[in-house]
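Structure first, commentary second.
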Amino acid sequence: QIHPHQPALNNCAFRKGFRMQRRLSQHILSRLIWVLSLIAIPCWIAADQPVAWDFGVIQQAMHSLRNGHDPYLDGIDLQDAYLRSPAALRGDPRPFVYVYSPITLLLLRPFASAPEALVRVSYWTLYILLILAQLLIARRLALPEEEYAADLLTPIPLFFPGLLLFDSVLGGNIAFILFGLILLACWRGWTRQRWLAFYAAVLLASCFKTPYLTLLAIPLLSGRRQWIPASVTAAAGIGLFAIQPYLWPVSFHNYLLAIDRIFSFNNDFGSGPAGRLGASLAALHMSYVLPSVLFYLATSLLVFFFLFRLSRHYHAGRLSREQWIPFMSLGVMLLNPRLIEYEIFPFTFFMAIIAYRLIAYSAWPRLAATLLFPIWIGINYFANRSRTGWRCCECAFLLVLFVGGYWQLQ
């Protein structure tokens with residue numbers, strides 16, 4: 001005799017089994033994406049030459065210190081020699097100069113005296129671990145219903161920083177280490193409301209790049225009662241920078257010469273709105289310093305105003321941490337006046353998850369995804385034809401996602 005509810009029970013069991021099979025397939029696919037990504041990286045390194053160009057700048061600075069030379073002047077001499085060489089006529093990549101402030105030379109000297117092999121292994125080990133830490137922390141800031149999509153999106157920054165194809169992760173820039181430390185400290189602040197490690201990490205990072213003090217907006221917008229410690233850290237960072245001309249006047253003068261070479265020699269204005277304005281004015285042989293500064297101040301105040309306005313919803317409990325942190329991080333990134341590729345990398349997952357949410361919650365998500373994917377491929381093709389094209393496309397991506405993310409959360 002057949003039980004009257006047997007068909008319903010069988011149907012329920014079928015649906016449950018289908019869901020389990022689907023979750024298993026998704027789990028296998030997400031792990032496969034990771035395996036393929038990790039396999040692709042050494043293949044990419046073998047095919048993409050040269051690599052470790054930014055780490056090479058640090059090695060060059062350590063070599064100058066070992067020989068009693070000034071790293072800034074040695075780098076400038078290399079750039080001048082490049083202009084006189086056939087490499088300039090061939091259009092070979094231009095050399096970079098050490099552009100971190102003189103206080104970092106105190107940190108560099110002990111490593112300069114250590115065995116090169118030990119320094120190299122230690123640096124790259126720390127580099128890889130902190131890149132993985134950045135990806136895993138960002139992955140934790142997806143909503144529960146986004147778990148499958150988040151697993152697929154997590155490796156994207158390795159190949160598409162800022163959602164555009166670029167090999168910045170192969171350069172070995174110290175920013176990857178600094179941002180790894182900062183994001184680890186951020187996670188402690190977000191989960192336990194303990195921000196001391198974050199302030200220490202940002203202060204260390206500001207010794208290399210003073211604009212990283214803009215990251216102090218993170219605890220202001222996602223923590224509670226952080227105005228005083230953030231202000232003290234900002235004052236300490238500015239003070240460390242301001243005292244260096246008096247402690248090391250010659251080195252600081254040469255450091256400023258090296259900073260000028262970023263723009264005059266490498267034409268490296270970055271992907272931020274102010275950087276794009278400065279690059280455009282420089283291309284037209286117009287004065288760019290004052291207009292860029294004024295434009296940066298205006299846009300930064302506007303971005304911070306919108307962030308602060310939405311932060312009240314987060315503190316009131318109307319926005320979850322997973323909703324707020326990705327958007328807030330994107331806005332804080334826009335406060336960086338220069339915004340180079342390796343400074344966009346730590347926030348790429350947040351850009352991807354914001355784009356996913358805009359598509360997923362649209363009226364026709366499948367149609368939107370079908371139309372936008374080939375457009376994204378086309379933009380990547382155009383962007384990688386020139387560095388200028390890449391940065392213009394990246395600037396557009398940042399602004400569109402910020403406006404879209406704000407519209408979705410308000």
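The values are calculated or read from the model by the stated rules, or taken from the named source; none is laboratory data. Note that the coordinates shown come from a computational prediction; the quantities given were computed from them, not determined experimentally. Please note: Cβ atoms are built from the backbone with ideal geometry, for glycine as well, and neighbour counts cover all protein chains shown. All accessible areas refer to the heavy atoms of the entire protein, side chains included, with ligands and DNA or RNA removed. Shrake-Rupley method; radii C 1.70, N 1.55, O 1.52, S 1.80 Å.
Looking only at Ala242, Ala52, Ala282, which one moves most when the chain is put into a Gaussian network model with springs between Cα atoms under 10 Å? Result: Ala242 has the largest fluctuation of those listed. A simple count of charges around Leu330, restricted to other residues whose Cβ falls under 13 Å of its Cβ and scoring Lys, Arg +1 and Asp, Glu -1, yields -1. In the chain, helices alone account for a calculated mean residue ellipticity at 222 nm of -24500 deg cm²/dmol, with every DSSP H run of four or more residues adding -39,500 (n - 2.57). The stretch 47-90 and the stretch 274-329 have Cα centres separated by 33 Å. Peptide packing: for 266-277, 351-362, the average count of neighbouring Cβ atoms within 10 Å per residue gives the ranking 266-277, 351-362, highest mean first. Summing charges over neighbours of Gln410, with a neighbour being any other residue whose Cβ is under 12 Å away from its Cβ, gives +3 when K and R count +1 and D and E count -1. Average accessible surface for the chain: 52 Å² per residue, computed with a 1.4 Å probe over protein heavy atoms with every protein chain in place. Based on the reciprocal of the average 1/r between different C-alpha atoms, the Kirkwood radius for the chain equals 23.3 Å.
Karplus-derived 3J(HN,Hα) values for the stretch 138-154, using 6.51 cos²θ - 1.76 cosθ + 1.60 with θ = phi - 60°, are 4, 4, 5, 9, 9, 5, x, 6, 9, 4, 5, 4, 5, 4, 6, 7, 4 Hz; glycine and proline are entered as x. Within the accessible surface of the chain, defined with a 1.4 Å probe on protein heavy atoms only, the carbon and sulfur portion equals 69 percent.
Peptides 301-311, 130-140, 208-218, ordered by how many other C-beta atoms sit within 10 Å of their residues on average, highest first, read 208-218, 130-140, 301-311. Against the main long axis of the alpha-carbon atoms of the chain, helix 71-83 sits at an angle near 90°. Of Leu290, Leu158, Leu65, which has the largest mean-square fluctuation in a 10 Å C-alpha GNM of the chain? Checking each option, the largest mean-square fluctuation is seen for Leu290. With the largest listed first and rounded to whole Å, the semi-axes of the equivalent ellipsoid of the stretch 159-264 from the Cα gyration tensor are 26, 22, 10. The spacing between the stretch 94-155 and the stretch 363-410, judged by their C-alpha centroids, is 26 Å. Rounded to the nearest whole Hz, the Karplus-based 3J(HN,Hα) values (6.51 cos²θ - 1.76 cosθ + 1.60, θ = phi - 60°) of the stretch 190-200 follow the sequence 5, 8, 10, 6, 10, 10, 4, 4, 5, 5, 5, with x at glycine and proline.
Based on every Cα atom in the stretch 282-410, Rg and the maximum pairwise Cα distance Dmax equal 16.3, 50 Å.
Pick from Leu335, Leu170, Leu284: which residue has the top mean-square fluctuation in a GNM of the chain where Cα pairs under 10 Å get a spring? Between Leu335, Leu170, Leu284, it is Leu284 that shows the largest mean-square fluctuation. Remark on Asp268: its backbone amide H falls under 5 Å from those of Phe263, a criterion applied only to residues 5 or more positions apart or on other chains, H modelled at 1.01 Å from N. Our coupling estimate for the stretch 337-342, obtained by passing each phi through the Karplus curve with A = 6.51, B = -1.76, C = 1.60 and θ = phi - 60°, is x, 10, 6, 8, 4, 6 Hz, Gly and Pro reported as x. With a Cα-only, solvent-free Debye model of the stretch 49-207, what are the log10 I(q)/I(0) values at q = 0.19 Å⁻¹? Cα-only, vacuum Debye calculation for the stretch 49-207: -1.29.
Just so you know, the Rg over Rh for the stretch 126-193 is 0.99, from Cα atoms, with Rh as the Kirkwood radius.
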